[in-house]
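J.: One structure coming up, written as structure tokens, with questions to follow.
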Amino acid sequence: MTMFPPTTSSLSAAEQEQQLAQVAEACDGCRRCGLGSSRTQVVVSRGNPQAPLMVIGEGPGAQEDEQGKPFVGRSGQLLDRMLESVGIDSNRDAYVCNIVKCRPPENRKPTALEMAACRPWLDQQIALVDPPVILLAGATAVEGLLGIKGGITKLRGQWRRGEGGSLEGRWLMPILHPSYLLRNASKERGSPKWLTWHDLQDVQRRLAQLTTSL
């Protein structure tokens, strides 16, 4: 099984843990938008903050809201299995979070204002985790982080180099959201699942290349 070395950061593990805990505490008390008043729990992250890969999704669903962890429902379980198929353990080799930290009612897409209100927390997470590679799961993650709307089928599988702010110098890969893959179960050549598996293989190769040079 593939094991990737931790990222190199100017912070010690203890300092990183402390500052990420402060971000989580601030998120818990955040009321910058209306989502904070309707959630059960704030959903900040899971996984390894010293991992070289960050996975960013849209926002918490019902199970995430109940458990307080991102990507733990059916979509998250599929994402875990697909990452595992290319040698990436989502709890050991990745730090998993979302564009927004609170569940939108009825699992609707978060609004532009909600995404903007939550962006400072995400920027702090990116800066503290300092991942060389970021996986953007779905169109909302692409919109929330890069400001690019729609067209995930055209954007998926194409590497982008982060520019400015917390994204500077990082490699970003958009992929189809696992919830879409649940609705399109075929694994035939050219199917959404087949394409996503190949995208994740590309991510694994990039991680191996980058972490070997650390």
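J.: Restricting attention to the range 111-134, does a residue exist that is surrounded by 22 or more Cβ atoms within 10 Å (Cβ to Cβ) and on the phi > 0 side of the Ramachandran plot?
T.: The answer is no; no qualifying residue exists.
Conditions tested, residue by residue: (1) hydroxyl-bearing (Ser, Thr, Tyr); (2) closer than 24 Å to Ala13 by Cα; (3) surrounded by fewer than 15 Cβ atoms within 10 Å (Cβ to Cβ).
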position: Glu106; (1), (2), (3): no, no, yes
position: Gly144; (1), (2), (3): no, no, no
position: Leu176; (1), (2), (3): no, no, no
position: Leu200; (1), (2), (3): no, no, no
position: Ala208; (1), (2), (3): no, yes, yes
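J.: Now for a separate question. What pairs come up if the first residue lies in the range 133-144 and is in contact (Cβ under 8 Å) with a residue 24 or more places away in the chain and under 11 Å from Lys109 (Cα atoms), the second is open to solvent by 10 Å² or more (accessible area, probe 1.4 Å) and small (Gly, Ala, Ser), and their beta carbons are under 7 Å apart, counting only those six or more places apart or on different chains?
T.: Close Cβ pairs (under 7 Å, with a partner that is open to solvent by 10 Å² or more (accessible area, probe 1.4 Å) and small (Gly, Ala, Ser)) amount to Ala139/Gly150.
J.: Hey, among Leu200, Leu172, which residue is part of a strand (DSSP E or B), in contact (Cβ under 8 Å) with a residue 24 or more places away in the chain and closer than 19 Å to Asp89 by Cα?
T.: Within the list Leu200, Leu172, the selection yields Leu172.
J.: Name the residue, out of Gln77, Gln22, Gln63, that is within 16 Å of the chain's Cα centre (by Cα), modelled with pLDDT of 95 or more and open to solvent by 70 Å² or more (accessible area, probe 1.4 Å).
T.: Gln77
J.: With the requirement that a residue be open to solvent by 60 Å² or more (accessible area, probe 1.4 Å), modelled with pLDDT of 95 or more and either within 22 Å of Pro60 (Cα to Cα) or not in a strand (DSSP E or B) (or both), what does the range 148-162 give you?
T.: Gln158
J.: Mind checking which residues of the range 178-198 are of a type in the set (Gly, Ala, Ser) and surrounded by fewer than 17 Cβ atoms within 10 Å (Cβ to Cβ)?
T.: Across the range 178-198, the qualifying residues are Ala185, Ser186, Gly190, Ser191.
J.: So, in the range 64-120, how many residues would count as being free of Cβ contacts under 8 Å to residues at least 12 places away in the same chain and within 17 Å of Val42 (Cβ to Cβ)?
T.: Total meeting the criteria: 1.
J.: Let me ask something else. Yes or no: Ser85 among the hydroxyl-bearing types (Ser, Thr, Tyr), over 16 Å from His177 (Cα atoms) and either at pLDDT 95 or above or open to solvent by less than 20 Å² (accessible area, probe 1.4 Å) (or both)?
T.: When the stated conditions are applied, Ser85 passes them.
The values are calculated or read from the model by the stated rules, or taken from the named source; none is laboratory data. This one's a predicted model, so the numbers in the text were calculated from it and none came from an experiment. Cβ: placed from backbone, ideal geometry, glycine included. Neighbour counts: every protein chain shown. Side chains are part of the model used for accessible areas, which takes the heavy atoms of the whole protein and leaves out ligands, DNA and RNA. Shrake-Rupley method; radii C 1.70, N 1.55, O 1.52, S 1.80 Å.
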